[in-house]
Amino acid sequence: MRKPSPLFASLSVTLCSAATLCSAAAIAAPPVVGETVFETGFETAEARAAWSSAAFATWDVGFQTDRSLRVTVPAEEAKGGHMVSLPLDVARYRGCKLRFTCKAKADGATKPSASWLGVKYMFHVQSKSLGPSWTNENNVFGTFDWRTLEFVVAIPSDAEDGVLSLGLQDSAGTVWFDDLRVTVLKPARPPRPQPPANPPPAFKGHDLPRLRGVMSPTAFREEDIRVLGREWNANVIRWQIVRNWGKSGTERDLAEYGRWIDAKLEELDAVLDSCQRHGVKVVIDIHSPPGGRYANNDMAMFFEKPYQDYFVALWERMARRFRGHPAVWGYDLVNEPTQTKPSPDGVADYLGTQVLAAQAIRKIDPATPIFITSDQWGSAGGFRDLDPVSVSNVVYQVHFYSPHEYTHQGVNGEWKPVAYPGTIAGTAWNEAQIRAALQPVREFQLAYNAHIYVGEFSAARWAPGAADYLRDCIAVFEDYGWDWTYHAYREWDGWSLEHVGAPNAGRRADTPTDRFDLLRSWFKKNERP
């Protein structure tokens, strides 16, 4: 699940002027890799004046130059955002991936309450279809000498009102910035092909009208599977092999990781046999991959080849072990891939890593479906940049938690109720807006005659209107012919259909919740595998 989007706090100051940018009027040719979108070292008075001003922001000696931006926040004023900003027109770069880099150093930048706060070199952009987004390198705080901050942003096709910001958010101390640079990492992909006329049925890997079910608990209990299949009538479960969720710097010791995997695969044997007894198909999900995630949430295996090689070998091993088991629907290669920086030479990126594993599986198991997942936490927005893969029997997976301000309210901090349907982060959210947010997935589905699986979707149990939100999501999924699994079943009670109560005050419901009744009404339509 993605992090909540940070908001500008009251101390963020009013934009005062624009910088010199490469505009569409100046350049008629389409963007190319390496093209400079924006750069500054603050060397000239004009370059410095382009930024908004504030008492906490001053000019100081820079990185190998005589100018940098310095932001100082005393401890008693740490709360809120202390940032200066610059408007950045990215209309020319809609559909592109842009790479943002700068040099920064810090002295005593205090650790903030959330990973996306602290030292902020941040880009904010508006999108009518996807809503607002904020991107920066996570977990930047402390004391450090000049180093590079870096992140990648996929610019929405309807992007507008871009803003670049520098400073501190919910953090005290001093930070310096210099040598800002924004370049084109990947140009906009060409338009999708027109949908084929009278296409054959898309490959699904099953012959049922629909698979509808849930994300799994984190441990196997026979009774959970019996209830799910026999009483709830769900016909699919996405079984997560998981530990250390939300943590960084884990899964680094491959010998220890291998011992953990050995035990989880033994458990999976029992899961599959139980699901076969109770009429539930299984998606096998490596939720915690070798190498884990960095502090910025990127997966290590997209940058370090030993972890990538181990990942491919692990899927080879699993294909040998589980091929032919009648309960298996498919192999879910990567849970919510995230990559905000380019892979080094000789190491495959988020999609290339999946292709390597899929090709290795196909040498062992030519038939079992393989799930390919988009970048950006498996989001719908990640489908804008997704290319189809040349591997047989593939299903494409999306996770849907939009708008994040609604679905994750109170999950990672103070709960401030946000209602659905309604205006959320400046956008009117209803079933039509859910369709708009999922449009990149729908376009992909139609262009390539692909089958889509919604591996996760949910809303916190205390979110006002959660049942209405889930009802509208499912209505769209069903209309488009997508299989789906709700997140989650007997896992964390914040997502539970069987619990009620405010955050940190959950209890089992005395009577079925409206969310439970909604999901059961759909499960009743299921046919058994």
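A Förster radius of 25 Å, combined with the Cβ-Cβ distance separating GLU267 from LYS363, puts the computed FRET efficiency at roughly 0.40.
Return HIS487, HIS499, HIS325 ranked ascending by Cβ neighbour count within 10 Å, so the fewest neighbours appear first.
Details: HIS487 23, HIS499 20, HIS325 16.
With the fewest neighbours first, HIS487, HIS499, HIS325 line up as HIS325, HIS499, HIS487.
Think of the chain as having a plus end and a minus end, set by charges on the Cβ of Lys, Arg, Asp and Glu; of GLY481, ALA159, PHE177, GLY481 sits farthest toward the positive end of this dipole.
What is the order of VAL476, VAL394, fewest Cβ neighbours within 10 Å to most? Can you show the working numbers first?
Working: VAL476 19, VAL394 22.
Lowest to highest Cβ neighbour count: VAL476, VAL394.
Run the dipole for the stretch 36-186 about the Cα centre, Lys and Arg Cβ at +1, Asp and Glu Cβ at -1, nothing else charged, and hand back the magnitude in debye, nearest 20.
Values: 16 positive and 18 negative charges, 90 e Å.
The dipole of the stretch 36-186 has a size of about 440 debye.
The residues neighbouring SER157, those whose beta-carbon lies less than 13 Å from its own, together hold a net charge of +3 under the Lys/Arg +1, Asp/Glu -1 convention. Computed from point charges on the beta carbon alone (+1 for Lys and Arg, -1 for Asp and Glu), the dipole magnitude for the chain about its Cα centre is near 900 Debye. As a rough footprinting exposure proxy, the listed residues LEU166, LEU185 were ranked by other beta carbons within 10 Å of their own, and the order from fewest upward is LEU185, LEU166.
Note on the stretch 101-169: the alpha carbon radius of gyration divided by the globular reference 2.2 N^0.38 Å gives 1.20. Note on the stretch 405-529: the alpha carbon radius of gyration divided by the globular reference 2.2 N^0.38 Å gives 1.11.
Before anything else, pin down the relative contact order of the chain: Cα pairs under 8 Å, at least 6 apart, normalised by residue count, whole percent. Please report the intermediate quantities before stating the final value.
Values: 1170 pairs, mean separation 76.0, N = 529.
Averaging sequence separation for qualifying contacts and normalising by length gives 14 percent for the chain.
Could you estimate the translational diffusion coefficient of the stretch 64-141 from the Stokes-Einstein equation, with Rh from the Kirkwood formula over C-alpha pairs, at 10 °C and 1.306 mPa s, in whole µm²/s?
Details: Rh = 14.9 Å.
Value of D from the Cα-based Kirkwood radius: 107 µm²/s.
Longer than 29 Å from Cα to Cα, which of LYS247/LYS341; LYS97/LYS204; LYS247/LYS305; LYS186/LYS264; LYS97/LYS416 are they? Say none if no pair is. List each step's numbers first, then the result.
Working: LYS247/LYS341 19 Å; LYS97/LYS204 31 Å; LYS247/LYS305 21 Å; LYS186/LYS264 38 Å; LYS97/LYS416 33 Å.
Exceeds cut-off: LYS97/LYS204; LYS186/LYS264; LYS97/LYS416.
Taking the dipole about the Cα centre of the chain, with the C-beta of Lys and Arg at +1 and of Asp and Glu at -1, give me whichever of GLY330, ASN296, SER216 is farthest to the positive side. With unit charges placed on the Cβ atoms, the residue in question is GLY330. The string of couplings for the stretch 285-291 from the Karplus curve (6.51, -1.76, 1.60, θ = phi - 60°) is 10, 7, 6, 10, x, x, x Hz, one whole number per residue in order, with x for Gly and Pro. Cα convex hull, the stretch 36-186: 105 Å³ per residue, rounded to a whole number.
Out of all DSSP beta bridges in the chain, what portion is antiparallel? Express it as a percent rounded to 5.
65
Selection among ALA360, PRO344, ALA502 by position relative to the dipole of the chain gives ALA360 as farthest towards the positive end (Cβ unit charges, Cα centre). The stretch 60-139 and the stretch 470-509 have Cα centres separated by 34 Å.
For the stretch 36-186, what is the relative contact order in percent, using Cα pairs closer than 8 Å and at least 6 residues apart in sequence?
Details: 394 pairs, mean separation 58.4, N = 151.
Relative contact order here is 39 percent.
What the Kirkwood sum gives for the chain is a hydrodynamic radius of 24.4 Å, with every pair of different alpha carbons counted.
Taken together, the values in this text are just the output of simple stated rules run on the coordinates, not laboratory data. Keep in mind that what you see is a predicted model, and the values were worked out from it rather than measured. All Cβ positions, glycine included, derive from the backbone under ideal geometry; neighbour counts span all protein chains shown.
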